[in-house]
Each structure stands twice: as C-alpha cells, then as structure tokens.
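Every number in this text was worked out from the coordinates using simple rules, so none of it is lab data. Just so it is clear, the model here is predicted, and its values are computed rather than measured. For neighbour counting, all protein chains shown are included, and Cβ atoms are generated from backbone atoms with ideal geometry for every residue, glycine included.
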Amino acid sequence: MFQFIFRRLSLVIPTFLGITLLTFTLIRLIPGDPIEVMAGERGVSAERHAELSAQLGFDQPLYVQYYHYVTGVLQGDLGNSLITREPVMKEFLTLFPATIELAVCAAIFAILIGLPAGIFAAVKRGTVIDHSVMTFSLTGYSMPIFWWALLLMLVFSVNLGWTPVSGRIDVVYWIDDVTGFMLIDSLLSDEAGAFTSAVSHLILPSIVLGTIPMAVIARMTRSSMLEVLSEDYIRTARAKGIAPWRVIVIHALRNALIPVITVIGLQVGILLSGAILTETVFAWPGIGKWLIESIGRRDYPVVQGGILIVACIIIVVNLLVDITYGIVNPRIRHSR
Amino acid sequence: MTTSTETSTTDIPLTAPTPMTPLQEFWHYFSSNKGAVAGLVVIAIICFMAVFANFVAPHSPSDQYRDALLLPPAWLDGGNWSFVLGTDDVGRDILSRLIYGSRLSIAVGIVAVTASLVMGILLGLIAGYFKGMIDTAIMRIVDIMLAMPSLLLAIAIVAILGPSIVNAALAISIVSLPHYVRLTRAATMAEMSRDYVTSSRVIGASPLRLMFICILPNCLAPLIVQATLGFSSAILDMAALGFLGLGAQPPTPEWGSMLADALQFVQRAWWVVTFPGLMILITVLAFNLMGDGLRDALDPKLKQ
C-alpha cells in the first residue's frame with residue numbers, strides 16, 4: 001500500500017515542476033519588458049529600471065530566476081498583486097472559500113440528481129425514461145453554462161422574482177467573516193434571515209455550475225450500472241428472491257460506483273473552470289471572477305499565481321482520487 | 001424443403017451475399033442511430049448557412065437600423081417581419097448576426113481541430129513509434145496539459161497573447177492537443193505489434209513510410225470520433241472566451257460575444273440573450289450527437 005502511494009506521489013513531482021515551468025514561461029512570453037509592463041503608462045527611468053531589475057532578480061540568468069521562483073512557490077510566496085500590492089496568496093485565501101462553497105454545493109446538486117437519474121435509466125433500459133434521461137444529460141453536457149446562467153436568471157430572478165440576481169448575500173446583512181463560508185458565517189451571526197438569504201443566493205449558481213458534472217455523472221452511472229446489471233451474480237441474487245430494490249442498491253450499485261467515484265473526482269477540474277464563467281455571470285466573489293478581472297487589469301502575478309494554485313489543486317485531487325481508488329480496488333494497487 | 005427454396009436453388013446461382021463495402025457498412029450502422037443522423041442534418045444546415053451567409057442572411061450583420069432598436073421577435077407585439085428574431089441595442093438584425101456568427105464558429109472549429117489533429121497525430125506517432133525517452137518526454141508534457149482545465153489554460157494563453165479570434169483559435173487548438181496525442185499514441189502502439197507492420201519493416205520500409213502509410217490509416221477511427229467531439233468543445237470554448245471578452249472583439253458577430261454584449265439587457269430584452277445561446281447549444285449538441293453516432297459506427301467492439 002505504501003509502495004503504491006509512494007509511486008503515485010513520485011509521479012506528481014515532475015508534473016508540479018512542469019506546471020511551475022509553464023507559469024514561469026507564460027509570464028515571460030508577455031510581449032514587452034516585464035518592468036515596463038509593471039510600471040504601466042508612467043514609464044520608468046533607466047536607473048530605476050536597473051534598480052528594479054536587480055531587486056526583482058530579472059538581471060540573473062533564467063535558471064537562477066526559475067530556481068528562485070520555485071523555492072518561493074514552495075514557501076507559499078507567489079509574489080504581490082500589481083494593483084493592490086497584496087500578496088497573491090493572501091488574496092487567494094480570502095476568495096477561495098467562496099469558490100469552494102459554490103463548487104461543493106454544485107457537486108452535491110450534480111450527485112443528488114445525476115446518480116439517481118443514471119441508476120433509473122439503467123434499470124429502465126430502453127424505455128422512455130431511459131431515453132429522456134440520456135437526452136437531458138447530452139443536452140446538459142452540451143450546455144454553454146454562461147448562457148444557461150443567464151436563462152435561469154431571466155426566468156427565476158427577473159420574471160418570477162424567486163431568487164436574487166447576483167452576489168452571495170443581501171446587502172442589508174453585515175456578516176462577520178469567521179470561516180469565509182457564507183452559509184456557516186450567516187448561521188453564526190445573530191441576524192435573522194441571513195442564512196435564508198445566503199441559501200437563496202447559492203441556488204442558481206450551484207445549479208448552473210453543477211449542470212455539466214450532473215450530465216457526466218448520469219451518463220457514467222448509467223453505463224456502469226448496465227455493465228454490472230448483466231453480471232451473473234446479479235442474476236443469482238435475483239434468483240435467490242432478493243427484493244429488486246435491494247439487488248439494485250446493495251448488490252449492483254456498490255460495484256457500479258467505483259468508476260463513478262473516479263468520474264466525480266475528475267469533475268473538480270470542470271467545476272473550477274466552470275466557476276470562472278459562473279462567477280462572472282453571478283458576480284460571485286470567488287477565484288474565477290478574480291482571475292478574469294486580473295486578466296482584464298493585466299495583473300500578471302495574480303494570473304500566474306492563480307493558474308498555478310488551481311492547477312495544483314487539481315493535481316492533488318486527482319492524486320487523492322487515484323489513492324482512494326487504489327485502496328478500494330486491490331487490482332489497481334498491485335498492477336505495476 | 002419448401003418449394004421456394006427449391007426454386008431459388010434452381011433459378012438463382014448460389015452465391016454468398018455481396019459483403020458491404022466499408023463505407024456502406026459504416027452508413028448502415030451510422031444511419032440506424034437517429035440522433036446521429038439528426039446531428040448530421042443540423043450540422044449540414046449550419047454549414048450551409050455559414051458558407052452562403054451573404055445570400056441567406058436578410059441583412060448585413062453590422063447594419064444598424066436606428067429606428068428599430070431592441071425590436072422583439074416578429075411573432076410578438078411590436079415585432080416586425082423584416083427582423084424575424086428581433087434586433088439588438090443598436091438596431092442590428094439578430095438573425096443575420098447569428099447566421100454570420102455560424103461562419104465564424106465553423107471556421108474556428110475547422111482551424112482549431114485541424115491544427116490540433118495534425119500536431120497531435122505527429123506527436124502521437126512519434127511517441128508511439130520510437131517509445132523510450134521521446135515517448136516519456138512527450139507524455140509528461142501531455143500529462144501536465146491535462147492537469148489544467150482546458151478553459152483555464154486557454155484563458156491563460158489568450159491572456160498572454162492578447163484577446164483576438166486568431167489567438168483564441170490557437171489557444172483552443174493547443175488545449176485540445178493532449179487528447180489527440182494520447183489516442184494516436186495508444187493506437188500506434190497497438191498497431192506496431194501487428195504482423196503487417198513487422199513485414200513492411202522487413203521489406204525495408206522507412207520509418208516515415210511505416211508511420212504515415214502503414215500505421216496511420218489504421219488509427220484513424222478513434223481520431224475521427226475525437227475530431228467530431230473536438231468541434232463541439234472548440235465551439236463551446238470559443239463562445240466562452242468570446243463571452244469573457246477574450247475571443248472575438250465587438251462588433252464581430254460571434255455567438256459568445258453577442259451574449260456578453262446582451263448582458264445588460266437581460267431584464268428588458270430576453271431575445272437578445274436567448275437566441276445566441278440557443279445557437280451555441282444546438283450546434284454543440286449536433287456535434288456531440290454525431291460524435292456519439294460515429295463512435296458507435298466505427299467502434300468494432302460495439303458492432304456485435
């Protein structure tokens with residue numbers, strides 16, 4: 001087991017180095033001199049330019065610069081934002097809970113709808129139910145989620161007035177930032193109605209962000225269930241006279257879930273990149289909106305740091321999925 | 001036994017049924033999938049619109065009719081049949097802009113898919129054919145690219161190169177590269193162990209001939225499927241980049257940037273928001289349907 005984890009961990013290191021190399025190079029591919037980009041339209045004198053260059057290490061050879069960059073990154077130093085002058089890591093940490101909150105709610109929505117829908121479609125194979133689940137899931141999979149967000153907003157916020165248009169909570173509430181998670185913070189605060197307001201702000205963004213993962217989970221669950229349902233042991237279980245729901249839930253689902261869990265783990269990347277679009281539409285103050293705004297403001301350290309962090313999160317989640325998979329399934333653990 | 005069989009044995013010479021040509025066989029399986037055929041029809045219509053946009057579109061995509069701002073679709077009160085799907089905030093005909101937008105989306109799809117297909121095939125063949133260090137190096141890079149969400153990587157590339165259609169198309173083709181590399185490599189490795197490759201090698205075929213003339217044609221099926229699905233993600237990513245202001249710049253009629261322009265009118269004019277997104281959804285859905293159908297028709301495992 002430890003050998004398996006160790007082997008898997010050792011594969012992460014080159015990937016991590018590759019990503020730092022990528023973000024390191026990206027920032028140097030920007031046309032123009034980095035110091036002049038930083039100075040903006042004001043421009044800098046030649047002496048100040050040399051001084052800044054020495055201060056930021058731009059006068060050193062590239063491999064030295066890269067070494068400093070990687071050691072900095074490993075200590076959590078991602079540089080400072082050009083606009084706010086705050087450390088990128090600090091800005092990230094204040095905004096990240098908002099994105100996690102949204103992504104977790106979206107994932108819950110996706111699993112709660114996608115899993116039963118997939119099971120149902122597999123059990124009722126070939127019927128109208130199956131076809132409509134598959135049609136819906138293919139439509140969800142093809143959905144431009146920024147448009148889906150606007151459409152839901154148009155119907156539920158503008159026309160029906162059921163949910164608020166944007167933000168995390170009504171402006172009338174002033175919630176102390178304890179954990180950064182609005183649902184928890186609003187519960188902790190004494191203000192009446194704050195929690196309901198936070199929930200109502202979360203509904204539409206979660207549905208929008210969860211749509212594609214839901215479609216993927218439903219498709220995967222269906223095909224995995226179909227495979228398991230045709231196994232001999234399922235027929236045996238049925239022949240023994242076990243209740244049909246018990247065969248499906250206890251006997252089939254357990255084995256069918258293994259590939260589904262992997263797929264759920266892989267949705268983290270989709271959730272994080274989908275968050276960029278969802279947060280932009282709903283003015284949700286998370287890292288997606290932060291990244292897009294930084295691109296607009298040409299705040300390159302933020303763009304560089306943000307991309308690096310998101311990529312690292314995805315690597316870590318994929319690693320955890322792999323290890324869980326290895327624990328659950330011994331065949332994977334022992335294969336080379 | 002029966003009279004009919006007796007007559008058939010006497011009248012018609014006994015021959016095996018003529019086997020279907022590969023193309024006929026493909027069409028037989030493909031056409032049995034209704035969704036795939038529907039997808040094909042929709043794609044054909046959109047391609048027709050894209051090619052003949054000048055003739056099909058009732059107006060120019062950039063003409064501003066100052067007396068017809070934010071006009072609703074024709075079938076609603078206040079609508080006008082010369083602007084079937086209504087007009088936007090500066091009085092441009094939405095239908096015409098959508099038709100011209102299809103030209104852009106299809107063009108970007110073709111460019112991005114071709115570029116990544118060519119690069120991916122090249123890298124995949126090299127990795128699968130030479131194995132060893134070259135293979136490891138290429139696959140490591142591919143793994144790194146796969147660790148990043150495609151949209152995020154595309155955004156990063158466009159952020160550096162600057163927002164424009166060309167850069168967006170370039171970013172999309174780079175982002176979709178890993179899938180083609182992996183598919184080609186896997187298929188090449190499978191084919192490499194076949195006897196026909198060994199015999200060609202024994203005869204003295206050069207590596208180039210082995211790679212492109214012997215192996216590649218046998219790896220095409222999964223690549224065709226992936227390219228079709230690649231079209232849908234290229235169109236989706238292009239629209240997303242356009243929506244974020246990182247793709248086509250206004251006043252170019254691009255579906256995603258049309259949506260971004262319409263954001264401020266969500267409350268007043270639903271049609272400005274609804275139709276561009278519907279076009280994206282229909283196009284992407286059509287490509288996904290056709291891709292699924294192609295996979296079923298081309299995958300020998302599913303044919304039984």
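Kindly list the residues of the stretch B:149-175 that lie in the label zone of B:VAL118, defined by a backbone N under 18 Å from the point 7 Å along the Cα-to-C-beta vector. The answer is B:166-175. Toward the positive end of the charge dipole of the protein assembly as shown, about the Cα centre and with charges on Cβ (Lys, Arg +1; Asp, Glu -1), which of B:LEU210, A:SER166, B:LEU76 goes farthest? Final value for the positive-end residue is B:LEU210. Taken residue by residue and averaged, Cβ atoms of other chains lying within 10 Å of the Cβ of A:310-322 number 2. Among the chymotrypsin sites (Phe, Trp or Tyr not before Pro) found in the stretch A:134-237, those both in a DSSP coil and sparsely packed, with 11 or fewer other Cβ atoms within 10 Å of their Cβ, are A:TRP162, A:TRP174. Take the Cβ atoms of A:GLN55 and A:LEU154, set R0 to 45 Å, and the FRET efficiency comes out at 0.30.
Computed over the alpha-carbon pairs of the protein assembly as shown, the distance histogram in 10 Å steps reads 3, 13, 22, 25, 20, 11, 4, 1, 1, 0, 0 percent, short to long. Calculation over all alpha carbon pairs of the stretch A:91-277 in 5 angstrom steps from 0 returns a P(r) of 1, 8, 14, 16, 15, 13, 11, 9, 6, 4, 2, 1, 0 percent. For chain A, hydrophobic long helices are taken as DSSP H runs at least 27 Å long by C-alpha position along their axis with mean Kyte-Doolittle hydropathy of 1.0 or more; these are A:2-29, A:88-123, A:194-229, A:253-282, A:300-328. Coupling constants for the stretch B:107-115 follow from the phi torsions by the Karplus curve (6.51 cos²θ - 1.76 cosθ + 1.60, θ = phi - 60°), and in residue order they are 4, 4, x, 4, 4, 5, 5, 4, 4 Hz; glycine and proline get x. With point charges of +1 on the Cβ of Lys and Arg and -1 on the Cβ of Asp and Glu, referenced to the Cα centre of the protein assembly as shown, which listed residue (A:ALA311, A:ALA54, B:ILE155) lies farthest in the positive direction of the dipole? Farthest along the dipole direction, towards plus: A:ALA311. Using equal-weight Cα scatterers in the Debye expression, the normalised intensity of the stretch B:92-278 in log10 at q = 0.15, 0.19 Å⁻¹ is -0.86, -1.15.
In this structure, A:VAL104 and B:GLN267 have a Cβ-Cβ separation that, at R0 = 45 Å, corresponds to a calculated FRET efficiency of about 0.90. Under the simplified labelling scheme, the B:ARG194-B:PHE26 pair shows an inter-label distance of 1.5 nm, with each label point 7 Å from Cα along Cα→Cβ. Counting only DSSP H runs of at least 4 residues, each contributing -39500 (n - 2.57), and dividing by the residue count of chain B, the helix-based mean residue ellipticity at 222 nm comes to -22500 deg cm²/dmol. Loop-located trypsin sites (Lys or Arg not before Pro) in the stretch A:186-272 (DSSP state not H, G, I, E or B) with no more than 11 neighbouring Cβ atoms inside 10 Å: A:LYS240. Between the stretch B:47-116 and the stretch A:237-271, the C-alpha centres lie 47 angstrom from each other.
Counting other Cβ atoms within 10 Å, keep those with at most 15, restrict to DSSP loop, and tell me which trypsin sites (Lys or Arg not before Pro) in the stretch B:90-146 are left. Intermediate results must be reported in sequence, preceding the final value.
Details: sites: B:ARG92, B:ARG97, B:ARG103, B:LYS131, B:ARG140; in loops: B:ARG92, B:LYS131.
Sparse-neighbourhood loop trypsin sites (Lys or Arg not before Pro): B:LYS131.
Considering only B:ILE45, B:SER116, B:PRO61, and ranking their Cα positions along the charge dipole of chain B that arises from unit charges at the beta-carbon of Lys, Arg, Asp and Glu, the one farthest toward the positive end is B:SER116.
Charging the Cβ of each Asp and Glu at -1 and of each Lys and Arg at +1, and nothing else, the dipole of chain A about its Cα centre rounds to 1940 debye. Shielding value for A:22-29 is 3, the average number of Cβ atoms from other chains within 10 Å of each residue's Cβ. Partner shielding of B:156-165 amounts to 5, given as the average count of beta-carbon atoms from other chains within 10 Å of each residue beta-carbon.
Proximity of backbone amide H atoms, modeled 1.01 Å from N, is registered between A:ASN80 and A:VAL88 at under 5 Å, excluding neighbours fewer than 5 places apart on the same chain. When its C-alpha radius of gyration is set against 2.2 N^0.38 Å (N residues), chain A gives a value of 1.21. With a Förster radius of 35 Å applied to the C-beta separation of A:ARG125 and A:THR324, the computed FRET efficiency comes to 0.75.
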